[in-house]
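Participant: Dropping the structure in here first, questions after.
The values are calculated or read from the model by the stated rules, or taken from the named source; none is laboratory data. As the structure is a prediction and not an experimental result, all values here were calculated from the model. Cβ sites come from the backbone with ideal geometry, for glycine too, and all protein chains shown count toward neighbours. Calculation scope for accessible area: heavy atoms of the full protein, side chains included, ligands and nucleic acids excluded. Shrake-Rupley method; radii C 1.70, N 1.55, O 1.52, S 1.80 Å.
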Amino acid sequence: MGLGGFGMKAKKSEEPEPEAAQSRAWFPETFLFEPLVVTDASGAATVPVRVPDRLTGWRVLALAHSRSGAQAGAVTRFAGTLPTYVDPVLPPFLRAGDAVRLPVQVVNTTESAVEAALKVEAQGAAVEGGGRTVRVPARGSVVEYVTVRASGPGPVSVRATLGGADAVVRSFDVWPTGRPVMLTRGGTLAAPRTLSLTAPSDAQAGSERVRLLVYPGALGVLRSELGTAGGRMDTADVAYALLLVGRSPELLATLGETQSAEALKALTSGEKRPATPPQPVEGAVDVEAMRGLLAQVTQRALRAGRAPDVATAALLAEGALAHPGNPVLARLGERLAARVAAAQLPDGTCQGGDGWTLQRLLVATADCTRAVNAAAGTPEGRRRAALFTVKASGALERNRAHVKDGYTAAALLASGVVTGSLKEDLRVQVRDALKTREGGAFLPVEPGVVDASGQTPSEAEATALAVLALEGDAKAPLADLGASLLAGYEPVSGWGGGRANRLALRAVVALFREPLPSQVRVVLERDGQPVTEGTFDAKALREVLALEAAAPGSGGAHTWTVRAEPAVPGLGFSLTLAAAVPWKTESQGGLELAVKGPSEAKVGQPAEVVVQASTPSGLELELRHGLPAGVQVDPASLDALVSEGRVTSWNAEDGAVTLKLPPRGPGEPFQARFRVIPTLAGTLQAGASSLKVVSRPDLASYVPPTTWAVR
């Protein structure tokens, strides 16, 4: 593909009236990424773009290649500016109760002095001194100041206008000063869901907000996982990512996503990449991203599979064997399955070792069986799988009386080994172990029960196993189990880990494979009164719908209703009611924390913060100190603490600095001093500070926020 050139054309508009300046409100750092632009026969292509409202210089990089493989590139730059413009300098956040002096810069790039009316106003906050006339010299600038008072939490939008020359809108959030409290419930929308929530009665004014996330069934979850699985890379996550990419064409086609399924088919079947890639389809899975993910996890799987133990081999085999057209992964999967089969003991069990319980051994045997059966695509694999399954089935039957919990029973059923009366017997045990709660059913994990790795399985993993174990069982509350799974899904972390994700995604696809309606209206009510609503259209049904609204007056007990019109079993929801309550000084586990900030500070000048702690010996601690808006840490002073051995590491973010403290000896106190630099003048609320034990985050000491006066 050749690269010609590109041009940008601006429509000439009429001179606006002074009071009709168009507001600038779109400020991305990057505004164009086109991975595939096809030129005409002469090597030219036109890419229409909208240039952001940010007044700055822009860099454009273009890379091209021809059908024969020749490559070229070019870089060009252009500037986006105005003759005269206004630029309010806003903080990333404020806290409720802050009163700050915000600078507003007015710039004149012309050869003549400019005199114009400057006006600054805000929604969500009060502005003092927001109207005046300014005179700016030719090729010069001036800085004016206005006072902004943030009385309560929520979004703030600031609009600054300079006569008819320019208008700009920028936003920031005002954070509550109290301690966050969140209540979360979930379920599916097969019918209107009514929930009872009792929120704190002492919530700070304006801090009560409600957030409703609606997940579009199996297709939405699958697409979300294809986009985020690459960020999780331990061995279990690698195994899951391999299986996810390998099975994605089949799963997408099953769920009605035929275009994405066809696009991924060549990738997972090992077919050669086409010389001219097909045009991307709106809403389709990013095949190039999947190609990169597959390359990444393949390398990690090869490293983990060089000399694996049986547990690692069982974990990786199924994912590697999901790519029969990939000779590297196919050979790896065959070798891993053979490694697992060779580990089967004469009694039919697999793995085992010192300290293993029989419960863990049975779950591990079920995992091994799945891995060996995944390699049954060849005559040798079928022979090996049949022999392994017969011996494993005998071991499970002999030890049936020792299966005491629902998780282990579900794992044996999900392996596909058990049949006949034993299968029905185990299903009864799983059904009896299920628990119900508001929004769904789940399978609890009893004390002492572990998975094949020896770790306590999560509730999500157990619930997913229950779905797979009870699939097709008319007596099982499968819809309620699916409600719990959908409500527990997070777009970034999935269900919390590779083992849980692998099982939960299979369960969700099994339960919610019916296509969704083209349009669904979702309504949230409190005590029968609408709070917020939204609509999925045909495209949005592929994504997560997020609705958020202020919820004043939610303290105490209230009834919340989530309703889909029409009702859709495959829609899962998660409802979170958040509020902030006043901080109180708290100490737990012998942790004592004291923080002293400056009594008065000046903009641009360093100020000192002193933190002191008294704690039990031998504990690694995390100290988090809340900083006011606009206060930045001095890295040199914190690096000095690390050099002295007082602090292991530090991390700064907007509104806080976190220190990791090494374990100390008996009776050894902790004290540290570091510098900060205020960049905003006014009366500013700091955040609360906390001291926690790294290994026991439930043990913590809290210090309430303080108020800083910055001149």
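Participant: Among the residues of segment 312-342, write down those that are of a type outside the set (Gly, Ala, Ser), within 18 Å of residue 249 (Cα to Cα) and assigned to a helix (DSSP H, G or I).
Facilitator: 318, 329, listed by residue number.
Participant: Given the conditions (1) in a loop (DSSP other than H, G, I, E, B); (2) modelled with pLDDT of 90 or more, report the number of the one that residue 48 does not fulfil.
Facilitator: Here residue 48 meets the rest and fails (2).
Participant: Now, a different point. Considering only residues that are in a loop (DSSP other than H, G, I, E, B) and either surrounded by fewer than 16 Cβ atoms within 10 Å (Cβ to Cβ) or β-branched (Val, Ile, Thr) (or both), which ones fall in segment 109-135?
Facilitator: Within segment 109-135, 109, 110, 111, 112, 113, 129 meet the criteria.
Participant: Same structure again: Just to be sure, is residue 389 open to solvent by less than 30 Å² (accessible area, probe 1.4 Å), in a helix (DSSP H, G or I) and not aliphatic (A, V, I, L, M)?
Facilitator: no
Participant: Right, next: Among the residues of segment 564-584, are any among the polar types (S, T, N, Q), in contact (Cβ under 8 Å) with a residue 12 or more places away in the chain and assigned to a strand (DSSP E or B)?
Facilitator: For segment 564-584, residues among the polar types (S, T, N, Q), in contact (Cβ under 8 Å) with a residue 12 or more places away in the chain and assigned to a strand (DSSP E or B): present.
Participant: Just need a number here: residues in segment 641-662 that are in contact with a strand residue (DSSP E or B) (Cβ under 8 Å, 6 or more places away or on another chain), farther than 19 Å from residue 705 by Cα and open to solvent by 30 Å² or more (accessible area, probe 1.4 Å).
Facilitator: Going through segment 641-662 one residue at a time, the tally reaches 7.
Participant: Which condition does residue 635 not pass, out of (1) under 33 Å from the mean Cα position of the chain (by Cα); (2) touching a residue at least 24 places away in the same chain (Cβ under 8 Å), if it passes all the others?
Facilitator: (2)
Participant: Filtering segment 611-631 down to residues that are open to solvent by 20 Å² or more (accessible area, probe 1.4 Å) and in a strand (DSSP E or B), which residue is modelled with the lowest pLDDT?
Facilitator: Ranking the candidates gives 614 first.
Participant: Tell me, yes or no, whether segment 373-380 has at least one residue that is surrounded by 21 or more Cβ atoms within 10 Å (Cβ to Cβ) and assigned to a helix (DSSP H, G or I).
Facilitator: Taking every residue of segment 373-380 in turn, at least one turns out to be surrounded by 21 or more Cβ atoms within 10 Å (Cβ to Cβ) and assigned to a helix (DSSP H, G or I).
Participant: Still on this structure: Quick one: which of 336, 413, 358, 329 is touching a His at 6+ places or on another chain (Cβ under 6 Å) and surrounded by 24 or more Cβ atoms within 10 Å (Cβ to Cβ)?
Facilitator: 329
Participant: From 436, 419, 408, which residue is of a type outside the set (Phe, Trp, Tyr), open to solvent by 30 Å² or more (accessible area, probe 1.4 Å), free of Cβ contacts under 8 Å to residues at least 60 places away in the same chain and closer than 22 Å to residue 500 by Cβ?
Facilitator: Only one candidate qualifies: 436.
Participant: For segment 228-254: of the residues being surrounded by fewer than 23 Cβ atoms within 10 Å (Cβ to Cβ) and modelled with pLDDT under 75, which is farthest from residue 500 (Cα to Cα)?
Facilitator: 254
Participant: Of the residues 598, 552, 582, which is over 20 Å from residue 702 (Cα atoms) and either among the charged types (D, E, K, R) or open to solvent by 10 Å² or more (accessible area, probe 1.4 Å) (or both)?
Facilitator: Result of the check over 598, 552, 582: 552.
Participant: With more than 19 Å from residue 254 (Cβ to Cβ), basic (Lys, Arg) and within 26 Å of the chain's Cα centre (by Cα) as the only criterion, which of 521, 431 stands out?
Facilitator: None of the others qualify; the one that does is 521.
Participant: Hey, could you check segment 91-108 for residues that are of a type outside the set (S, T, N, Q) and within 15 Å of residue 167 (Cβ to Cβ) and say which is most open to solvent (accessible area, probe 1.4 Å)?
Facilitator: So the residue we want is 107.
Participant: Here's a follow-up. If I filter segment 175-227 down to residues being modelled with pLDDT of 90 or more and either within 18 Å of the chain's Cα centre (by Cα) or of a type in the set (Lys, Arg) (or both), which single residue comes out as least open to solvent (accessible area, probe 1.4 Å)?
Facilitator: Checked segment 175-227; the qualifying residue least open to solvent (accessible area, probe 1.4 Å) is 212.
Participant: In this structure, does residue 634 turn out to be farther than 17 Å from residue 93 by Cα, touching a Pro at 6+ places or on another chain (Cβ under 8 Å), open to solvent by 20 Å² or more (accessible area, probe 1.4 Å) and not hydrophobic (A, V, I, L, M, F, W, C)?
Facilitator: In short, yes.
Participant: In segment 201-228, what residues are out of contact with any Leu (no Cβ under 9 Å at 6 or more places or on another chain) and of a type outside the set (S, T, N, Q)?
Facilitator: Correct list: 202, 203, 205, 206, 227.
Participant: Just need a number here: residues in segment 60-90 that are open to solvent by 70 Å² or more (accessible area, probe 1.4 Å) and within 30 Å of residue 161 (Cβ to Cβ).
Facilitator: Residues flagged as open to solvent by 70 Å² or more (accessible area, probe 1.4 Å) and within 30 Å of residue 161 (Cβ to Cβ) within segment 60-90 amount to 5.
Participant: On to the next question. Evaluate segment 460-474: report whether one residue or more is over 19 Å from residue 243 (Cβ atoms) and in contact with an Asp or Glu (Cβ under 8 Å, 6 or more places away or on another chain).
Facilitator: No - not one qualifying residue is present in segment 460-474.
Participant: Of everything in segment 398-428, what is over 18 Å from residue 451 (Cα atoms), polar (S, T, N, Q) and assigned to a helix (DSSP H, G or I)? Give them in sequence order.
Facilitator: 421
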